[in-house]
Amino acid sequence: MNGKLQGKVAIVTGGNSGIGEATCHLFAKEGAKVLLLARRTNESLEVQNSINNAGGEATFIPCDVGNPDSVDTAIDKAAETYKTINILFNNAGGGGSGDFPDSSTEEWGQVINVNLNGTFYISRAVWPHLVAAGGGAVVNMSSLAAQRGFSPKMYDEFGTTAPSYYAAKAGVDALTRYMAGVGGKHNIRINGVRPGQIMTPGATRGTINDPDGGHHVFEKMFDMTQIIPGPGYPEDVANLVLFLVSDEARFITGEIINVDGGVAAKI
């Protein structure tokens, strides 16, 4: 039986770990040819080989999403590999350790570049290929940080991530809506996802494979504000991304959907 993405070619940035890795596996399981774009070679090859050994099809292409030249080179190679591109998951990104007003200019620029600029660079390079394919689907990685505020008490007790990350992901939300407006006439759908307490390597203390040893860095805050007890896992986000890029979501565009256990503290 054919999968939901049979015959499709999908790019996943940051596909070598966490949500990106889970999405690569799921896309391949559903019949897509997966192009895994990332910086870390060893981890990327492990994901590529794991998918191929399981009967799927995946190709790793080195790429730094924050470098426009690297992006253009990678997308050219991606298009040459399978001759078309149908799906893009802009997953690559990362947080920062700065605090307001003490964040450094370097930290601010680095986080904005990888999260917001990187989403723009990749989308810009992939866009002509989606148009040439007669349409496609893009999912942008946002974050609950783009939507959630906090009180002084929450800040003092639980802390928060860098202001650059809040700003970058809010920018991704705005870019998602803009791209959706432009994409309509080309049959290109653009949506976003906002993860909350998801157990990824970059957001976890301890070992994520050990239920007693792995804890999200903001576990206490999420446990207080979530409706559904957490945590969530990369597969929870990957399942939503799969739906959004599949034909089942053919009438959905310009939406940004939270995967956060129903966090009540949103402003």
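Helix 18-29 axis versus longest C-alpha principal axis of the chain: approximately 30°, rounded to the nearest ten.
The relative contact order of segment 9-259 comes to 20 percent, based on Cα pairs under 8 Å that sit 6 or more residues apart. Segment 1-58 and segment 221-267 have Cα centres spaced 21 Å apart. Set the Förster distance to 51 Å, then compute FRET efficiency between F100 and N52 from the Cβ-Cβ distance, nearest 0.05. Between F100 and N52 the formula returns 0.70. What FRET efficiency do you get for K266 and K185 if R0 is 35 Å and r is their Cβ-Cβ distance, rounded to the nearest 0.05? That gives a FRET efficiency of 0.60.
When only the Cβ of Lys, Arg, Asp and Glu is charged (+1, +1, -1, -1), the dipole of the chain relative to its Cα centre reaches about 880 debye.
Step through the table entries K33/K83; K29/K77; K169/K266; K8/K77; K4/K33; K8/K83, compare each Cα-Cα distance with 19 Å, and write down the pairs that go over it. Walk me through the numbers on the way to the answer.
Numbers: K33/K83 11 Å; K29/K77 23 Å; K169/K266 15 Å; K8/K77 17 Å; K4/K33 12 Å; K8/K83 11 Å.
Over 19 Å Cα-Cα: K29/K77.
Looking at the chain alone, DSSP beta bridges between its own residues are antiparallel in about 5 percent of cases. Placing unit charges on the Cβ atoms of the charged side chains and taking the dipole of the chain about its Cα centre, the candidate lying farthest along the positive direction among G184, G15, T73 is G184. The slack in the chain from D69 to A170, taken as 0.36 nm per residue of separation less the alpha-carbon distance, amounts to 33.9 nm.
Amide hydrogen proximity for F60: with H placed 1.01 Å from N in the peptide plane, the residues at 5 or more positions away or on another chain lying under 5 Å are L36.
Residues within the reach of a label modelled at T81 (point 7 angstrom out along Cα to beta-carbon, backbone nitrogen below 15 Å), restricted to segment 123-153, are 126.
Every number in this text was worked out from the coordinates using simple rules, so none of it is lab data. Computed from a predicted structure; not experimentally measured. For neighbour counting, all protein chains shown are included, and Cβ atoms are generated from backbone atoms with ideal geometry for every residue, glycine included.
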